[in-house]
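Everything on this sheet refers to the single structure shown next.
The values are calculated or read from the model by the stated rules, or taken from the named source; none is laboratory data. Predicted model only: the values in this text are computed from it and were never measured. As a convention, Cβ positions derive from the backbone with ideal geometry for all residues, glycine included, and neighbour counts pool all protein chains shown.
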Amino acid sequence: MRRAALGALSGAARAPLAHGPVLPQAPPGRWFRAAPPARAADKEALLELRRRTGLPFVLCRDALLRARGDPQQAEAWLQEQAQRQGWSRATAVQGRRTPAGLVGLLRDGPAAVMVEVTCETDFVARNAEFQRVVEQAALGTMELCRAAPPPPACGTRHLLRADELAQLRTGPGGDLLSDKVALAIGKLGENVRLGRAAWLRVPEDDGHIGAYAHGWLPARAGPVAVGSVAMGTHGALVAWRVTPPRPPPAELEELGRLVAQHVVAMAPTALGAPGDVARGEDEPRLLAQGFVRDPQRSVGDLLAQRGGLALRGFLRFRAGDADEGDAGDGADTWERGSA
């Protein structure tokens, strides 16, 4: 009896519905179908696109699908979308304060540049995308510096406002810095601003520029390397006139770094003259200030004892504070007669 009942139920399950079509029977054990595995080449293209753009995997995957697997077309589409979104976000966040950021320094022979780019938080300042904007701003400023007329005997100092900096390009035929900022805003979701920039140039025969970057980025054992962009929350450039007997290159580099470090720490607003005596703890003249590494001697005394070195001028930036950071606004931070 029990076997007959089970047979009847089984037959009823296989029978056609009374008023409907016959349903196809799925093979036993095949209720689910796995998606075909992605090809290794597709995975590599996705990872590479993610690495190059810094955008989420889901966006990179969609871009590759749109571009039918072409990585270059996918990257171009992503950059276009990120920049478009960046412009709209820039409008939305433009009123937000940007108290954080980085100062970037770049040296190239007798020339050096310093730039300031700001953002809302230290977290974003540590992001590689933000630091790429700082690097591009430094490279663009250096291109403009190289194109300027040769400096006179006393050297030159040139300051750039934010609107001038925004119109620079990242290289010959490159994008505008303002477009790169928009792209960064689209990726980072924070307000990013180009602050200011400056360069110093000295004659090749008797000039030298020392540089120092200070902040939470990994400390450098020596001076800012020529050709690399150093970054920190503070930065300083110091221009020298070097006369015989010329110090060995390593000694000159180290002394330039130490005096630039002093400028960052003590924030002078004027150069002063050799022999100036400090008027108190708040002495603003660089040459009269007690040397930060040896407060018993002034910076002027230090240079007089070394011989063969004279300061031409200096610049100091602090990220997020354009009012205080530009020591170049002082009346005598540069030699008389400089451009």
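Points to keep in mind about this one:
- In the set (1) touching a helix residue (DSSP H, G or I) at 6+ places or on another chain (Cβ under 9 Å); (2) modelled with pLDDT of 75 or more; (3) loosely packed, with under 10 Cβ neighbours inside 10 Å, residue 75 fails one condition alone, (3).
- Tally, over segment 183-209, of residues that are under 14 Å from the mean Cα position of the chain (by Cα) and among the aliphatic types (A, V, I, L, M): 7
- Unmet requirement for residue 63, which otherwise passes all of (1) free of Cβ contacts under 8 Å to residues at least 40 places away in the same chain; (2) closer than 22 Å to residue 171 by Cα; (3) buried (at least 20 other Cβ atoms within 10 Å of the Cβ): (2)
- Matching residues in segment 135-163 - criterion: being of a type in the set (Lys, Arg) and either modelled with pLDDT under 90 or over 19 Å from residue 321 (Cα atoms) (or both): 146, 157
- Filtered residue count, segment 140-149, keeping only those that are in contact with a strand residue (DSSP E or B) (Cβ under 8 Å, 6 or more places away or on another chain) and either over 22 Å from residue 100 (Cβ atoms) or not assigned by TED's automatic domain parsing to the domain that holds residue 172 (or both): 6
- The condition of being under 20 Å from residue 213 (Cα atoms) and modelled with pLDDT under 90 holds for only one of 195, 171, 109, that being 109.
- Positions within segment 108-167 being free of Cβ contacts under 8 Å to residues at least 40 places away in the same chain and part of a strand (DSSP E or B), in sequence order: 160
- Looking only at residues in segment 168-196 that are in contact (Cβ under 8 Å) with a residue 24 or more places away in the chain and in a strand (DSSP E or B), the one that is farthest from residue 102 (Cα to Cα) is 169.
- Per this entry, residue 155 is not counted among residues that are under 19 Å from the mean Cα position of the chain (by Cα), buried (at least 18 other Cβ atoms within 10 Å of the Cβ) and assigned by TED's automatic domain parsing to the domain that holds residue 189.
- The residue pairs whose first member lies in segment 275-287 and is surrounded by 18 or more Cβ atoms within 10 Å (Cβ to Cβ), whose second member is among the aromatic types (Phe, Trp, Tyr), and whose beta carbons are closer than 8 Å, counting only pairs six or more residues apart or on different chains, are 286/314.
- For segment 259-270, a tally of residues being crowded, with 19+ Cβ neighbours inside 10 Å and closer than 14 Å to residue 211 by Cα returns 6.
- Among the residues of segment 243-263, those identified as of a type outside the set (A, V, I, L, M) and in a helix (DSSP H, G or I) are 249, 251, 253, 254, 256, 257, 261, 262.
- Yes/no for residue 132 being in the same structural domain as residue 314 (by TED's automatic domain parsing), among the basic types (Lys, Arg) and modelled with pLDDT under 90: no
Results for (1) within 20 Å of residue 157 (Cβ to Cβ); (2) β-branched (Val, Ile, Thr); (3) modelled with pLDDT under 95, shown as yes or no for each residue.
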| position | (1), (2), (3) |
| --- | --- |
| 288 | no, no, no |
| 304 | no, no, yes |
| 307 | no, no, yes |
| 324 | yes, no, yes |
| 334 | yes, no, yes |
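- One residue from 239, 288, 273, 278 being within 28 Å of the chain's Cα centre (by Cα) and not β-branched (Val, Ile, Thr): 239
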